[in-house]
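Student: A single structure is presented below for examination.
The values are calculated or read from the model by the stated rules, or taken from the named source; none is laboratory data. Worth saying up front: this structure is predicted, and the values here are computed from it rather than measured. Here the Cβ is made from the backbone with ideal geometry for all residues, glycine too, and neighbour counts use every protein chain on show. For the accessible areas, the whole protein counts, side chains as well, though only heavy atoms, and no ligand, DNA or RNA atoms are used. Shrake-Rupley method; radii C 1.70, N 1.55, O 1.52, S 1.80 Å.
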Amino acid sequence: MSGGAGDGTGTGSGAGSGDGAERRVRIVVEYCEPCGFEPTYQELASAVREEYPDIEIESRLGGTGAFEIEINGQLVFSKLENGGFPYEKDLIEAIRRARNGEPLEKITNSRPPCTIL
């Protein structure tokens, strides 16, 4: 009986403390306020809460150009590395994985920060 992860039965027979419930997920978003990234944080936080109303999401002020996202203490997205902002669907998927106890992967897709015409 090895392998079989992700069969979707939700029996809780794998990792966890045997309660069968989804895992608690804590998100921390660190962003540069002087850069004008607060509206992007608010938009992302709203989309996350719409999908997961019970989610714990916290913001912190970060350094110049920062928009970094941690899920349960693990960095999953870095604007400093990717040069843009995460797509909402990619963050929602990462949260889904964390709630199911699956390993998290770094989000590498990003949308451009802005376009000046």
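Student: Which order do you get for Lys89, Lys79, Lys106 if you rank them by accessible area with a 1.4 Å probe, largest at the top?
Tutor: Output order, biggest surface exposure first: Lys89, Lys106, Lys79.
Student: Follow-up question, since we're still on this one. Pop out the ³J(HN,Hα) list for the stretch 89-104 in order, Karplus 6.51 cos²θ - 1.76 cosθ + 1.60 with θ = phi - 60°, rounded to Hz; leave Gly and Pro as x.
Tutor: Here the 3J(HN,Hα) series is 4, 5, 5, 4, 5, 5, 5, 4, 4, 5, 5, 8, x, 7, x, 8 Hz.
Student: Could I ask something else about it? Please report the Cα spread of the stretch 19-114 along all three principal axes, rounded to whole Å, starting with the longest.
Tutor: Sorted largest first, the three principal extents are 43, 22, 20 Å.
Student: In whole Hz and in residue order, list the ³J(HN,Hα) couplings for the stretch 26-39 that follow from phi through the Karplus curve 6.51 cos²θ - 1.76 cosθ + 1.60, θ = phi - 60°; x for Gly and Pro.
Tutor: So the Karplus estimates, Gly and Pro as x, are 10, 10, 10, 10, 9, 9, 8, 5, x, 6, x, 8, 4, x Hz.
Student: Where in the stretch 64-117 are there GluC sites (Glu not before Pro) that are in a DSSP coil and have at most 13 other Cβ atoms within 10 angstrom of their Cβ?
Tutor: Hits after loop and neighbour filter: Glu105.
Student: Which residues' amide hydrogens lie under 5 Å from the amide hydrogen of Arg111, considering only partners 5 or more residues apart or on another chain, with H built in the peptide plane?
Tutor: Here the answer is Phe85, Tyr87, since their amide H atoms fall under 5 Å of that of Arg111.
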